[in-house]
Amino acid sequence: MYIISACLCGVNCRYNGKSGSNERCLKLFREGKAVLVCPEQLGGLPTPRNPVELDNTASQIIEGNGKAISNKGEDVTEKFLNGAYETLKIAKELGATKAILKEGSPSCGANFVHDGTFTGNRINGKGITAKILENEGITVFSDEDLEINNSKLVYLNEFDREKAKKRRLFELEEEDDEEEEYFDLTENLTDMSELPPKVEENVKKLMISLARDLMGFEELDEIAEATGLSIEEVEEILNEEE
């Protein structure tokens, strides 16, 4: 049995009063394999509501060392925690062992959240509900983990590889697909300074090219995160290519 963010099945419960539809989530729900939840509504927040971001990691907030703050400065930490524990209670009552949650949400983000500045900047991390469910042994996927990509993929950092593993785990549980083949250009390059300078330069250029052309990253900080290079290195290499 799955717990699924209700907004992924067309329920208008997101902070802006909107929703989205994920076909895989809808399929599970229609087959009676999932129950829909909205942790923020379960915690007593209205819809629509002001955007909220976390000022610390979910783990720290759960321990009392941080807050969930709206863009108007309202502290809604208690409601976020209440909603998360209500979601956990539902999961335990149903015997749910897996959850599919909305990526990027301060409650449901499974791989990333926003950085607390309300500027759209994303950082690796988890939402409060996602972290509480994981702490109780529930496997948490995001809607983006379920995206279907090409059969041969290039992963440039640990974040992307972990995301791919989770997507593959979901597919193995739901379908009988052929094994995918994964390539990691940087797996053994823990210290590129050991490479000859020209080779090092070419490897960096290739990594940037893959991050832009294959993975679709355009912003300097996104390319830097995907490749493990500094923003300054990325900017310098891109300027040389112009």
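The order of Lys67, Lys72, Lys33, Lys126, going from fewest to most other C-beta atoms within 10 Å of their C-beta, is Lys72, Lys33, Lys67, Lys126. Cross-link list Lys79/Lys131; Lys27/Lys131; Lys33/Lys89; Lys27/Lys126: which exceed 20 angstrom alpha carbon to alpha carbon? Beyond 20 Å between Cα atoms: Lys27/Lys131; Lys27/Lys126.
The packing ranking, built from the mean of other Cβ atoms within 10 Å per residue, places the peptides 127-137, 106-116 in the order 106-116, 127-137, highest first. Projecting the Cα atoms of Gly83, Ile100, Asn56 onto the charge dipole of segment 2-146, computed from C-beta unit charges around the Cα centre, puts Ile100 farthest toward the positive end.
Taken together, the values in this text are just the output of simple stated rules run on the coordinates, not laboratory data. It should be emphasised that the depicted structure is a prediction, and the values quoted were computed from it without experimental measurement. Note that we place each Cβ from the backbone using ideal geometry, even for glycine, and neighbour counts take in every protein chain shown.
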